[in-house]
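Let me begin by presenting the structure, written as structure tokens, before commenting on it.
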Amino acid sequence: MGENYYKMCHENIGKTVYITEQCGKRHYGRIVRVDRDHVYLQPLGRRGFSYGGFYGGYGYNWGYPIALGAIAGVALASLFFW
């Protein structure tokens, strides 16, 4: 299943998405990078700068990592806004 999410996320780099983890936690942001283990989201809005501080090794420009194996669903955020 992780391979499917890798492909889907890689094809949508630069787009804004909702990602839901298997535990139910939801993430909203722009996909900035994808590797074989993680998708990196750049948070949108004011909270984004605080994430850069907490994930200092990744910094704001690289976003924060979400493990591909933990993903339960990915949806393009543009589907929810007109």
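Taking 0.36 nm per residue of sequence separation and subtracting the Cα-Cα distance, how much length would be gained by fully extending the chain between Lys25 and Leu76, in nm to one decimal? Don't skip to the end; give the middle numbers.
Numbers: separation 51, 0.36 × 51 = 18.36 nm, distance 1.64 nm.
Gain on extension, Lys25 to Leu76, equals 16.7 nm.
Taking all protein chains as they are arranged and a probe of 1.4 Å, the heavy atoms of Tyr18 leave approximately 50 Å² accessible to solvent. Among the protein heavy atoms, those of His38 account for about 60 Å² of accessible surface (1.4 Å probe, every chain in place).
The values are calculated or read from the model by the stated rules, or taken from the named source; none is laboratory data. Keep in mind that what you see is a predicted model, and the values were worked out from it rather than measured. All accessible areas refer to the heavy atoms of the entire protein, side chains included, with ligands and DNA or RNA removed. Shrake-Rupley method; radii C 1.70, N 1.55, O 1.52, S 1.80 Å.
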